[in-house]
Amino acid sequence: MLPWLSCVTSVPTVTTELDWPDFPDPTGEVTMADGVVSMSLDYWMQIASYAIAVQRVRDIVGDEIER
């Protein structure tokens, strides 16, 4: 009886490719003068789209990812 009590069923590991989005390239888009960061509205919208895409991946995989 004792050997059966020590057995544990492991959850199978699932491997999947995640399509993490790339952060928009700030080259030529962002300037800083007198402590103020400036950028075009188009670039700001790209950053917002990036944040939404990252949140979508986090919603799929959860807060913790096994490495």
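Once label points are set 7 Å from the Cα along Cα→Cβ at both Trp20 and Leu41, what is their separation, rounded to one decimal in nm?
Result: 3.2 nm between the two label points.
Assuming R0 = 30 Å, what is the FRET efficiency of Tyr50 and Ser10, from their Cβ-Cβ distance, to the nearest 0.05?
In this case the efficiency is close to 0.25.
I'd like to compare 25-36, 51-62: which one has the highest average count of other Cβ atoms within 10 Å, and what's the full order after that?
51-62, 25-36
Laboratory data are not the source of any read-out in this text; all were calculated from the coordinates shown. Just so you know, these numbers come straight off a predicted model, no measurement behind them. Glycine gets a Cβ as well: all are built from the backbone with ideal geometry, and neighbour counts include every protein chain shown.
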